[in-house]
């Protein structure tokens with residue numbers, strides 16, 4: 001029953017951030033397309049610092065009052081667990097607001113022909129730093145109180161804030177059209193995405209892939225304990241570190257291949273490999289096989305992200321880019337929190353192996369469907385010399 005309780009507690013964690021994250025994604029692009037992006041990034045990153053601090057305070061005091069919640073008979077959560085949920089919701093919401101502002105800032109300082117290399121390098125460095133930090137978190141969880149581990153994200157958010165203060169670039173948006181309300185501008189992003197068939201197909205595929213990935217990976221700790229028989233927290237940190245290191249390798253590899261003219265076909269192939277790797281998790285019982293599988297699986301999101309970001313940055317006008325990223329992200333990640341909740345339920349219904357085989361097989365099948373039916377996506381690409389039409393300054 002402790003395993004069941006842990007699965008449901010993790011499911012509620014994902015569910016707690018659903019509405020604030022989706023709301024943030026809906027408005028994030030409109031905010032990035034109407035405000036100074038540097039100022040916006042500094043503001044929302046500060047929110048992450050505040051939320052991380054709140055979570056640390058909660059862990060230090062750790063109120064243990066028992067709160068009955070829906071679930072199996074006798075299921076309850078300590079008050080300190082319930083207080084973690086709003087802190088996590090604020091962290092995920094602020095991250096959702098940050099990403100469109102950051103991704104739209106890259107093409108302001110990088111030439112179109114270098115976007116692939118730039119995105120690959122940026123996210124590879126970030127992934128390597130994250131892999132190292134995750135490994136340290138695993139060590140800290142094994143040797144001390146959990147609150148020590150929160151010092152790592154706090155330090156990274158603080159370093160991000162310091163770096164943003166030092167950015168010396170004009171990141172204000174130059175627009176061709178008069179500003180509308182935030183709600184109408186957010187809507188325009190979805191309209192623009194709907195008219196770009198290939199980008200819409202990517203969004204639909206991402207929606208399914210991210211949902212199925214969330215179903216499986218939210219229970220990664222239980223996979224290690226219940227399927228591989230590993231109870232030491234170091235293995236959890238090692239698995240997350242390998243996944244993140246794989247992502248870093250994917251960013252680097254994608255930046256080195258000439259994907260620009262065939263970006264859509266590359267995205268389809270990567271989706272197929274991603275599904276096969278996730279399916280393989282359910283077929284092995286040794287951590288020494290699971291770790292290289294995790295590395296391959298981790299590579300796929302890194303490569304997909306590099307290809308997609310570069311393609312949007314090269315083909316979408318600056319004044320609309322934030323909303324396209326935001327609309328795609330909302331479409332892609334809308335079901336991730338639901339997938340985290342579904343992961344707990346699916347684990348109870350199918351067991352650990354059944355959950356991984358089902359999620360991985362479904363993603364692989366989606367890759368084949370994309371190859372056969374997503375014609376616009378197969379034709380998606382751009383010349384490295386291309387750039388979206390520059391926006392003309394607004395007139396009074």
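Which one of 69, 57, 44 is surrounded by fewer than 17 Cβ atoms within 10 Å (Cβ to Cβ) and modelled with pLDDT of 90 or more?
Details: 69 fails: modelled with pLDDT of 90 or more; 44 fails: surrounded by fewer than 17 Cβ atoms within 10 Å (Cβ to Cβ).
On inspection, the qualifying residue turns out to be 57.
Considering each of 127, 121 in turn, give the residue that is surrounded by fewer than 19 Cβ atoms within 10 Å (Cβ to Cβ) and within 26 Å of residue 245 (Cβ to Cβ).
Values: 127 fails: surrounded by fewer than 19 Cβ atoms within 10 Å (Cβ to Cβ).
Selected residue: 121, the only one of 127, 121 that is surrounded by fewer than 19 Cβ atoms within 10 Å (Cβ to Cβ) and within 26 Å of residue 245 (Cβ to Cβ).
Of all residues in the stretch 248-290, how many are under 18 Å from residue 118 (Cβ atoms) and not in a helix (DSSP H, G or I)? Working first, answer last.
Initially, the stretch 248-290 is screened for residues under 18 Å from residue 118 (Cβ atoms), giving 248-260, 263, 266.
If we keep only those that are not in a helix (DSSP H, G or I) as well, we get 257-259.
So the answer is 3.
Identify, from the list 351, 375, the residue that is at positive phi and either at pLDDT 75 or above or more than 25 Å from the chain's Cα centre (by Cα) (or both).
That would be 351, the only listed residue that is at positive phi and either at pLDDT 75 or above or more than 25 Å from the chain's Cα centre (by Cα) (or both).
Only one residue in 187, 175 is out of contact with any strand residue (DSSP E or B) (no Cβ under 9 Å at 6 or more places or on another chain) and not in a helix (DSSP H, G or I), so which one is that?
From the options 187, 175, the qualifying one is 175.
Out of the stretch 145-172, which residues are without any contact (Cβ under 8 Å) to a residue 12 or more places away in the chain, assigned to a helix (DSSP H, G or I) and under 22 Å from residue 105 (Cβ atoms)?
Answer for the stretch 145-172, where residues must be without any contact (Cβ under 8 Å) to a residue 12 or more places away in the chain, assigned to a helix (DSSP H, G or I) and under 22 Å from residue 105 (Cβ atoms): 159, 162, 163, 166.
Matching residues to (1) more than 18 Å from the chain's Cα centre (by Cα); (2) at pLDDT below 85:
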position	(1), (2)
77	yes, yes
91	no, no
120	no, no
130	no, yes
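Residue 343: under 18 Å from the mean Cα position of the chain (by Cα), in a helix (DSSP H, G or I), crowded, with 18+ Cβ neighbours inside 10 Å and at pLDDT below 80, yes or no?
Yes; evaluated as a whole, the condition is true for this residue.
Please state which one of 40, 77, 10, 82 is closer than 25 Å to residue 154 by Cβ, touching a strand residue (DSSP E or B) at 6+ places or on another chain (Cβ under 7 Å) and assigned to a helix (DSSP H, G or I).
Of 40, 77, 10, 82, the one residue that is closer than 25 Å to residue 154 by Cβ, touching a strand residue (DSSP E or B) at 6+ places or on another chain (Cβ under 7 Å) and assigned to a helix (DSSP H, G or I) is 82.
Among 101, 132, which is the only one that is part of a helix (DSSP H, G or I) and either without any contact (Cβ under 8 Å) to a residue 24 or more places away in the chain or buried (at least 18 other Cβ atoms within 10 Å of the Cβ) (or both)?
Values: 132 fails: either without any contact (Cβ under 8 Å) to a residue 24 or more places away in the chain or buried (at least 18 other Cβ atoms within 10 Å of the Cβ) (or both).
That would be 101, the only listed residue that is part of a helix (DSSP H, G or I) and either without any contact (Cβ under 8 Å) to a residue 24 or more places away in the chain or buried (at least 18 other Cβ atoms within 10 Å of the Cβ) (or both).
Which of the following residues is closer than 25 Å to residue 126 by Cβ, under 18 Å from the mean Cα position of the chain (by Cα) and in contact (Cβ under 8 Å) with a residue 12 or more places away in the chain: 237, 298?
From the options 237, 298, the qualifying one is 298.
The values are calculated or read from the model by the stated rules, or taken from the named source; none is laboratory data. Quick caveat: nothing in here was measured; it's all calculated off a predicted structure. In this analysis, Cβ positions are derived from the backbone assuming ideal geometry, glycine residues included, and neighbour counts consider all displayed protein chains.
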